[in-house]
Amino acid sequence: MKLYGDTLSPFVRMALVTAHEVGLGARITQVGELVKPTEANPKLTALSPIGKVPVLETDHAHAVYDSRVIIEYLCHVAGNSTLIPDDGVKRFRVLTLQALGQGIAEAAVAYRYETAARPQGLQWTDWMNRTRLRINASLDELEAKWRACLADVNVGSIAVAVALSYLDFRLTDFAWRNGRPQLAAFHQRFSARDSMTKTVIGKP
Ligand SMILES: N[C@@H](CCC(=O)N[C@@H](CS)C(=O)NCC(=O)O)C(=O)O
């Protein structure tokens with residue numbers, strides 16, 4: 001299987017962490033692809049008209065995207081039913097936690113594009129303020145309400161751990177640990193997992 005994209009993208013990293021957690025790490029060949037919000041990458045758009053990473057090309061040459069679908073595909077191929085539990089109550093709790101982690105990552109990537117890529121003078125302060133609020137509210141919710149779900153290894157805890165690492169890498173001024181000791185402890189614990197150390201941001 002080929003996974004397009006590198007760990008600078010939190011969504012690529014979520015997929016890779018999942019691959020390692022379900023025992024498929026060695027089956028993945030990573031193909032680094034340059035992506036820019038203002039320029040289509042022809043290799044990627046040939047696989048996915050959305051043109052974003054990650055895209056997974058299966059051994060049968062099917063393109064699978066986006067990261068959530070890739071993650072589900074990997075669990076399916078591995079026959080893993082713990083990362084996305086079958087049981088109804090647990091399943092939707094975990095999937096909601098995943099949406100929260102992915103939502104933080106989406107907001108953080110968009111914030112990064114706005115602050116680092118958009119030309120000076122064209123930046124939209126109200127949007128930036130709203131996005132900061134969105135991220136901080138999500139982090140507060142994680143601190144207050146998600147401790148039990150974060151204690152397990154599942155697609156939700158993977159998404160949250162990777163999103164927090166992305167904040168550390170790109171948006172240090174968020175200082176997300178301040179006032180959030182539970183979340184900080186979760187991140188420290190989760191970051192020690194093999195799946196995380198093998199997919200450190202910026203390393204191929
Ligand atoms: N919902 C998508 C988001 C993927 C995404 O935003 N990828 C970014 C990199 S972090 C990208 O490819 N950006 C290029 C672009 O905006 O054209 C997923 O979960 O896979």
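All of the numbers you see were taken from the coordinates with simple rules; none came from a lab. As the structure is a computational prediction, the values presented were derived from the model and not from experiment. Glycine also receives a Cβ, built like all others from the backbone with ideal geometry; neighbour counts cover every protein chain displayed.
Quick look at the values:
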read-out: Pairwise centroid distance, computed over Cα atoms, of the range 33-99 with the range 129-196, Å; value: 21
read-out: Volume in Å³ per residue [convex hull over Cα atoms, computed for the range 2-78]; value: 78
read-out: Qualifying lysines (Cα of each under 26 Å from Cα of residue 52; at least 8 residues distant if same chain); value: 2, 36, 43, 198, 203
read-out: Around residue 182: net Lys/Arg minus Asp/Glu count, Cβ-Cβ under 9 Å; value: +1
read-out: Around residue 79: net Lys/Arg minus Asp/Glu count, Cβ-Cβ under 15 Å; value: -2
read-out: Global form of the chain, assessed from the alpha-carbon gyration tensor, a/c cut-off 1.5; value: oblate
read-out: Hz values of 3J(HN,Hα) by residue in the range 154-168 - Karplus curve (6.51, -1.76, 1.60), Gly and Pro given as x; value: 8, 5, x, 5, 4, 4, 5, 4, 5, 4, 5, 5, 5, 4, 4
read-out: For the chain, with +1 on Lys and Arg beta carbons and -1 on Asp and Glu, the positive-most of 50, 184, 76 along the dipole; value: 184
read-out: Computed [θ] at 222 nm, deg cm²/dmol, the chain (DSSP H ≥ 4; -39,500 (n - 2.57); rounded to nearest 500); value: -17000 deg cm²/dmol
read-out: Phi to ³J(HN,Hα) by Karplus 6.51 cos²θ - 1.76 cosθ + 1.60 over the range 74-89, Hz, x for Gly, Pro; value: 4, 4, 5, 4, 7, x, 8, 10, 9, 5, 10, x, 6, 4, x, 4
read-out: Relative contact order %, the range 1-136, counting alpha carbon pairs below 8 Å whose residues are six or more apart; value: 22
